[in-house]
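Here's the structure, in structure tokens; my notes come after.
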Amino acid sequence: MNIFRIIEQLSEVDSDALGRFDSRRAVFKTLGETAKKGALAAAPVFVASLFQKAYGQTTAPSVVEVLNYALTLELLEEDFYAKMIAAGQVPAGAPAAAIALIKKHETAHVTLLTNTIKALNGTPVAGKKFDPAKFPADYTTQLAFAQALEDTGVRAYKGQAGNLMGKMAGTTSLLQVALQIHSVEARHAAHIRTMRAQTPWIPTADSSLPAPLGPVYTGAIPESNVTQSGVNLTTQLGTTYTANDAAASFDEILTMAEVLDSSRAGGLVV
Amino acid sequence: MSKIITSGGDEAEFAKPLYVPIKRRSFFMYAGATAGATALLLSGCDDDDDDTVSTPGMVNLGSGDVGVLNYAYALEQLEAAFYARVKASPASDFSNTEKDYFNQVAAHEAIHRDFLKAAINRDAPGKIIADLNPNFDSIDFTKRTAVLNAARTFEDLGVQAYNGAGKYLKTAAYLVIAGQIVSVEARHAAYVRDLISNGSFADDSIVDAATGLDKALEPVDVIAAAQGFIKEKLDATNVGK
């Protein structure tokens, strides 16, 4: 680890990077002492806390917080599909079967997450419902809401993967379980989108959703993004690809704050 | 040719972090999380201890994060080659919708392949695996059903591979990338399943009915399943280790 190089890199993008640390001298003194004690294993933790302090960010959410966030979304989805089935407008046959299958999975996710949170001695959130006042009266709009919920769910899980790295429940990797839910949400999203005669993946511009669902594909990193890890997918891969293909080939993350924003899922839950 | 790829010979380029340049806003996002700080630490490391020993006749995917990236790159090479072939000569009984599906997915998989190639060459110069030669002898590309079934196998396998390998990544930024790709693979898988049989996008044969979980497979098991479609012998025993 070369802390000086990291700080040097920081200075390149943030001219007052050093000024952000409470005391430049104190930082290096502590680092030196840490190294002297041979406690190098603790260095990543120290540096993490240093950056958190320097940039005034809140601490990364705990595992139970992440799982409760996921559970909130699953409860919202489960209740939405329950309301959709109860509304009785889903055509019999393939559409009804698809909605029933998706509802079954959301219920299974609710059970799984609830039990996992309990096993970790946490308190699972409960009673989160889809706001009845926001529930659409017609089937077409109900499907549009389902698309918004599923595509948001995919983005939401993706946004929390980093917070589950290395986190275990007994011998089970919580990250892997989250990924296994995440890909199911993506399968749901693909099917709902095709039920609406949309592509199963998200193109550069998806303006087919009625208000208030427009912001689903926006965010700090919008779904129209074509640059991944600093590489422009349309121009820097040796072959020229269209912006539509580049945007569709990668789904983007949403942060917890973005998902819980009142213009997205946060505005639909009571 | 991409600037990223051709810059591989410049020693100074190697020392740069994953995100070049670090975007101010995205840096702030990373700085907030312990995982992000760990990624920064990795990018600040001079040494790379992912050296692998190759056995003659085998393609060793390697260990550590680059092993996982090579593993993903191997699978994306396979998928991209498959779809390129379907796109070049589609089965005569494909509908226009199906041809359109294969054309779009061919582009997605080619982008995944080319992106991983660029990222590995940039972040782990000299560690990328060679171009693989696919062996699609078992697939009858003239028959719609055979092609759809093969596509379903590749897409479901891809989902299971990413789901099982995510936990082996140590760098948060790579995990985000893997997550961004796997959900698109799941979208492909769902759609091709629906082409075969509408409603099978996430049926009980692929998603566990009790837990609602997609499957996850370990790298050695995925490679065992994919090996029949690749001429070179792949060794995934150290992926993630």
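The values are calculated or read from the model by the stated rules, or taken from the named source; none is laboratory data. Remember, predicted model here, so these are calculated numbers, not experimental data. Positions of Cβ are backbone-derived with ideal geometry, glycine not excepted, and every protein chain shown enters the neighbour counts. Note: areas computed on protein heavy atoms with side chains; ligands, DNA, RNA excluded. Shrake-Rupley method; radii C 1.70, N 1.55, O 1.52, S 1.80 Å.
Summary of computed values
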{"read-out": "Selected residue (only one of B:217, B:234 is part of a strand (DSSP E or B) and either facing chain A (nearest Cβ under 9 Å) or modelled with pLDDT of 95 or more (or both))", "value": "B:234"}
{"read-out": "Conditions (1) over 27 Å from residue B:112 (Cβ atoms); (2) open to solvent by less than 30 Å² (accessible area, probe 1.4 Å): number failed by residue A:216", "value": "(1)"}
{"read-out": "The listed residue being in a helix (DSSP H, G or I) and at pLDDT below 95, out of B:97, B:153", "value": "B:97"}
{"read-out": "Residue match in segment B:112-119 (condition: part of a helix (DSSP H, G or I) and closer than 25 Å to residue B:196 by Cβ)", "value": "yes"}
{"read-out": "Evaluation of residue A:244 against (1) touching a Pro at 6+ places or on another chain (Cβ under 6 Å); (2) within 7 Å of chain B (Cβ to nearest Cβ) (one fails), failing number", "value": "(2)"}
{"read-out": "Total residues in segment A:104-134, condition open to solvent by less than 50 Å² (accessible area, probe 1.4 Å) and within 16 Å of residue A:73 (Cβ to Cβ)", "value": "15"}
{"read-out": "Residue satisfying all of: in segment B:58-78; open to solvent by 10 Å² or more (accessible area, probe 1.4 Å) and not aliphatic (A, V, I, L, M); farthest from residue B:174 (Cα to Cα) among these", "value": "B:60"}
{"read-out": "Per-region count, segment A:64-102, residues in contact (Cβ under 8 Å) with a residue 24 or more places away in the chain and surrounded by fewer than 19 Cβ atoms within 10 Å (Cβ to Cβ)", "value": "6"}
{"read-out": "So residue A:146, is it assigned to a helix (DSSP H, G or I) and touching a residue at least 24 places away in the same chain (Cβ under 8 Å)", "value": "yes"}
{"read-out": "In segment B:186-202, residue most open to solvent (accessible area, probe 1.4 Å) [restricted to those that are more than 7 Å from chain A (Cβ to nearest Cβ) and either of a type outside the set (Ser, Thr, Tyr) or in a helix (DSSP H, G or I) (or both)]", "value": "B:196"}
{"read-out": "Any pair with Cβ under 9 angstrom, 6 or more apart, that starts in segment A:217-235 at a residue that is facing another protein chain (nearest Cβ under 8 Å) and among the aliphatic types (A, V, I, L, M) and ends at one that is open to solvent by 30 Å² or more (accessible area, probe 1.4 Å) and part of a strand (DSSP E or B)", "value": "A:233/A:227"}
{"read-out": "Residue in segment A:195-209 that is surrounded by 17 or more Cβ atoms within 10 Å (Cβ to Cβ), free of Cβ contacts under 8 Å to residues at least 40 places away in the same chain and among the aromatic types (Phe, Trp, Tyr) present", "value": "no"}
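Rundown of residues vs (1) crowded, with 24+ Cβ neighbours inside 10 Å; (2) in contact with a helix residue (DSSP H, G or I) (Cβ under 7 Å, 6 or more places away or on another chain); (3) hydrophobic (A, V, I, L, M, F, W, C), yes/no style:
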site	(1), (2), (3)
B:142	no, no, no
B:147	yes, yes, yes
B:153	no, no, no
B:158	yes, yes, no
B:166	yes, yes, no
B:172	no, yes, yes
B:177	no, no, yes
B:184	yes, yes, yes
